[in-house]
1. State the number of lysine pairs found in region 266-307 whose Cα atoms come within less than 17 Å, restricting to pairs 8 or more positions apart or on distinct chains.
2. Counting only DSSP beta bridges with both residues in the chain, what percent are antiparallel, rounded to the nearest 5?
3. How much net charge surrounds Ser153 when only other residues with a Cβ under 12 Å from its Cβ are counted (Lys, Arg +1; Asp, Glu -1)?
4. Hey, got a sec? Which GluC sites (Glu not before Pro) in region 106-202 land in a DSSP loop and have at most 12 other Cβ atoms within 10 Å?
5. Which order do you get for Arg51, Arg220 if you rank them by accessible area with a 1.4 Å probe, largest at the top?
6. Using 1/(1 + (r/R0)^6) with R0 = 56 angstrom and r between the beta carbons of Asp111 and Ser3, what's the FRET efficiency to the nearest 0.05?
7. Under a 1.4 Å probe, what is the accessible area of the chain per residue, stated in Å²?
8. Given a Förster radius of 22 Å and the C-beta distance between Gln289 and Gln259 as r, what FRET efficiency does 1/(1 + (r/R0)^6) yield to the nearest 0.05?
Amino acid sequence: MISVEGLTVEFGGAALFSDVSFVINPSDRIALMGKNGAGKSTLLKILSGKREATRGRVSAPKEATIAYLPQHLMTEDGRTVFEEAAQAFASIHNMEKEIEELNEQLSTRTDYESDEYMQLIERVSTLSEKFYTIEEINYDESIEKTLLGLGFSREDFGRQTSEFSGGWRMRIELGKLLLQDPDVLLLDEPTNHLDIESIQWLEEFLIQSGKAVVVISHDRKFVDNITTRTIEVTMGRIYDYKVNYSQYLQLREERREQQLKAYEEQKKFIAETTDFIERFKGTYSKTLQVQSRVKMLEKLQIIEVDEIDNSAIRLRFPPAPRSGNYPVIMDNVGKSYDDNVIFKGANLVIERGDKLAFVGKNGAGKSTLVKSIMGEIDHDGELKLGHNIKIGYFAQNQASLLNDELTVFQTIDDVAVGEIRNRIKDLLGAFMFGGEESTKKVKVLSGGERTRLALLKLLLEPVNLLILDEPTNHLDLKTKDVLKQALIKFDGTLILVSHDRDFLDGLVDKIYEFGNQKIREHLGGIYEFLQNKKIESLKELEK
């Protein structure tokens, strides 16, 4: 399907990766893994044709359709959601229109023997052959099914794309790619802007489509569910495993143990050989043996041990100041914008030490209720905060509130108190700001880097009610693990808005589901909730 041969990418003389070769077969579902900066997104751009490699080549059949979803999009306005999604079929419609125009020309021209006439016949034959091999599809039905699966309502179909946030516009782009029915889908962080239900829909779609997929994602459960092969980019080369992510982690650990053993044996051999050379280099009878060993060392290929991410230090929160027994009490709380009811009749009591998640479709009111708790917006009903509540709040736009003129180190140094101050460099390393990265000014950081810094800044402040709104969107798997373990040990109250099932698993013991203008409480973890939801859906179908 796609053949990658001898791919090398260099920046300023340094190689990002060298002499990389592999093949993407039809129906392969590949996870592209590696730490931030290893070159995953660069490799995806090269596969899509959006970027050139320094050396090497990527080849694919001429008739193959390759669709690429980048992390960040520049979208245009001027169409409704439905019209924009319908652009997926623009090439088919253009082909049909061109065939009609060519047939019109052929029916009116009389220069039957001319070269131009013969070229017209060849062109219309080629196009017609291609057009009629395309399966007949009900375009409107396909668009509707895809948009609904990605979380849009029918009321959204007629709205202008300009009315939607960047995350929702990303969904439209994803929908357009899926509707094109490509041979190969290249997806860079596709789940960042999807809710749990939409992620599950996308999983089923990708598995059932039977097409090749290459995905970069920090959503471990999503990657495990859809992929059958893992390609790791590390230290300028790749390792190709014919297994999913969880199995790859085990195999990678075994590989590293073998490398370490071989490395130690080689180091011992080099030391012994060097010692022999030093001892006998002036001895005439040993001259040939010394020269032989010198040549042997010169030709020796030094074994490299794959870098290991040492970022998994134990991050602990400062002890939470003691709060009242009930940090948040709501009585008949609701929120509407004119005639648009977001939710109503919420009667929730959050107890001290609760760790709970707000889940549900985007737009159902999760972030709205968080803003109501924070006092940022008005609401109906009564909402009371308990005694001595100190809130730590991570909003989805938290990254934009950082001081651009401070360095990364200064940003954390300003809020770190007590014993943790001695470990600022370790903490920065855990959040991928080690070494020279800590001296960068905030204004030059990428969106993902700013998010990580804003999160780390928040986690150093002594609070007893933590409210995190989609904190994991730009965190890699290792950093998410650091954060999750810290949250498990946090002795205050935690409210999490998240679509990341693996992150929520084992962290929260109560779920508040938002939907149909209501908020429903579910006791238990995220997978118990999802299992019950499937049972409820079946009952709904029976009704």
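1. 5
2. Restricted to the chain, the bridges split so that about 50 percent are antiparallel.
3. Net charge in that neighbourhood comes out at 0.
4. Here the sparse-neighbourhood loop sites are Glu113, Glu135, Glu136.
5. Reading off the accessible areas and sorting them downward yields Arg51, Arg220.
6. After rounding to 0.05, the efficiency reads 0.80.
7. Accessible area per residue: 52 Å².
8. That pair, Gln289 with Gln259, gives E of 0.15.
The values are calculated or read from the model by the stated rules, or taken from the named source; none is laboratory data. Please read these numbers as outputs of a predicted model, since none were measured by experiment. Glycine also receives a Cβ, built like all others from the backbone with ideal geometry; neighbour counts cover every protein chain displayed. For accessibility, only protein heavy atoms count, side chains too; no ligands or nucleic acids. Shrake-Rupley method; radii C 1.70, N 1.55, O 1.52, S 1.80 Å.
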